[in-house]
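So the structure is just underneath, and the comments pick up after that.
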Amino acid sequence: MSDKYEVRPGQSVALLKELHILTRDGKMNQDSRRKLKQVYHLFQFIEPLLEERLADHPGVTLVDHGAGKSYLGFILYDLFFKEKAPDARLYGIETREELVERSRKLAEELGFPGMSFLNLSVAESTSSEQLPETIDIVTALHACNTATDDAIHFALAKKARHIVLVPCCQAEVAAALRKNKARQLARDVLTEIWRHPIHTREFGSHITNVLRCLQLEAHGYQVNVTELVGWEHSMKNELIIATGKGHPRRQAAEKLTRLLDMLGLEELSERFYVPSIA
């Protein structure tokens with residue numbers, strides 16, 4: 001397939017060059033084809049969520065946490081916002097000031113007025129007056145360690161309709177498993193699942209996402225978990241999509257509490273907090 005058919009009609013060639021998907025002479029190599037495949041695959045999950053919110057109101061809002069170079073944000077704006085949602089706002093949240101300044105400059109150069117970039121941590125953004133009280137869609141792509149959990153807390157606080165997560169490494173749960181391992185071994189044979197250090201790390205990563213899904217369900221979200229195509233070379237290719245369905249779910253909250261107790265992770269109940277259900 002020739003290069004021109006791999007870039008969608010109307011896409012900004014200047015943007016794709018800035019993101020190093022296209023070379024300066026407009027060509028594409030094998031690595032950049034893989035990047036484009038990843039972007040398109042992720043976009044196909046996010047586009048219908050944007051369409052749904054846009055049908056309700058033109059001023060749809062999306063916040064991308066741990067934005068980095070705002071790779072995802074720029075592609076979303078280029079493929080969707082600039083034509084279909086000129087009144088919408090897309091916010092990139094990033095702690096590295098130089099990346100925020102770079103993204104602001106690039107958005108200005110490309111003529112993307114609906115993009116804003118804030119030099120904040122994910123946690124700080126929850127109380128920031130620079131963001132609206134409610135947000136339609138929250139994304140977090142490979143937000144490291146507890147930043148994914150902070151993005152979940154932000155989304156819950158902002159009553160987000162949709163949450164899209166590609167979780168990254170999270171050491172907090174594995175550390176708690178490691179600390180309490182001796183006590184748990186005497187208590188439950190299932191602790192053998194994570195007795196060895198490599199298993200502690202792997203199980204900690206897996207159970208973290210299980211806890212996140214239960215937390216979202218407890219807060220009234222419908223959760224779907226799938227795999228991202230084209231991310232086979234990444235250890236973290238899990239995609240979690242949550243859609244708010246209204247009332248908190250007692251059963252999910254009870255399962256989460258029981259699971260924390262079973263694994264000796266009671267100390268993390270504040271991290272994976274559940275709503276008060278009368």
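The values are calculated or read from the model by the stated rules, or taken from the named source; none is laboratory data. Treat the numbers as computed from the prediction; the structure is a model and nothing was measured. Here Cβ is always computed from backbone atoms with ideal geometry, including for glycine, and neighbour counts include all displayed protein chains. With ligands, DNA and RNA removed, areas are computed over all heavy atoms of the protein, side chains included. Shrake-Rupley method; radii C 1.70, N 1.55, O 1.52, S 1.80 Å.
Per DSSP helix of 4 or more residues, -39500 (n - 2.57); summed, then divided by the residues of the chain. What does that give at 222 nm, rounded to the nearest 500? Computed ellipticity for the chain at 222 nm equals -13500 deg cm²/dmol.
His162 exposes around 0 Å² of accessible area when a 1.4 Å probe is run over every protein chain in place. Structure remark: mean-square fluctuation, Gaussian network model of the chain, C-alpha springs under 10 Å; the largest value among Leu141, Leu165, Leu131 belongs to Leu131. Structure note, pairs Lys37/Lys82; Lys17/Lys158; Lys82/Lys159; Lys17/Lys82: Cα-Cα distances above 23 angstrom occur for Lys17/Lys158; Lys82/Lys159. Each residue, Arg183 and Gln222, gets one label point 7 Å from its Cα in the Cβ direction; the gap between the two is 4.0 nm. Quick one: grab the alpha carbon gyration tensor of segment 137-255, order the square roots of its eigenvalues as a ≥ b ≥ c, and give me rounded if a/c is under 1.5, else prolate or oblate depending on whether a/b is larger than b/c. Judged from the Cα gyration tensor, segment 137-255 comes out oblate (a/c at least 1.5, b/c at or above a/b). Spin-label model, Ala55 to Ser269: label points 7 Å out along the Cα-to-beta-carbon direction sit 4.1 nm apart. Of all segments of the chain bounded by GluC sites (Glu not before Pro) found in a DSSP loop with no more than 14 other C-beta atoms within 10 Å, the longest spans 1-128.
Ranked from largest to smallest solvent-accessible area, with a 1.4 Å probe on the protein heavy atoms, Thr146, Thr200 come out as Thr146, Thr200. Helices that extend 27 Å or more along their long axis by alpha-carbon positions and average at least -0.5 on the Kyte-Doolittle scale are, among the DSSP H runs of the chain, 197-218.
For Thr139, the residues whose amide H sits under 5 Å from its own are Val63, Asp64, His65, Val164, ignoring neighbours fewer than 5 places away on the same chain, with H placed 1.01 Å from N. Heavy-atom surface analysis with a 1.4 Å probe gives the chain a carbon and sulfur content of 52 percent of its accessible area.
Summarised as an ellipsoid, segment 86-173 has semi-axes of 22, 16, 12 Å, derived from the eigenvalues of the Cα gyration tensor scaled by 5 and square-rooted, with the largest first. Multiplying each eigenvalue of the alpha-carbon gyration tensor of the chain by 5 and taking the square root yields semi-axes of 35, 22, 16 Å, largest first, rounded to whole angstroms.
Ranked by solvent-accessible area (1.4 Å probe, protein heavy atoms only, all chains present), the residues Arg102, Arg271, Arg212, Arg249 order from largest to smallest as Arg249, Arg102, Arg271, Arg212.
Projected onto their three principal axes, the Cα atoms of segment 183-231 cover extents of 36, 31, 11 Å, largest first.
Taken per residue, the accessible surface of segment 87-138 reaches 52 Å², heavy atoms only and a 1.4 Å probe. Note on Arg33 and Arg8: the model spin-label points, each 7 Å out from Cα along the C-beta direction, lie 2.0 nm apart. Per residue, segment 187-228 exposes 50 Å² of solvent-accessible protein surface, assessed with a 1.4 angstrom probe and all protein chains in place.
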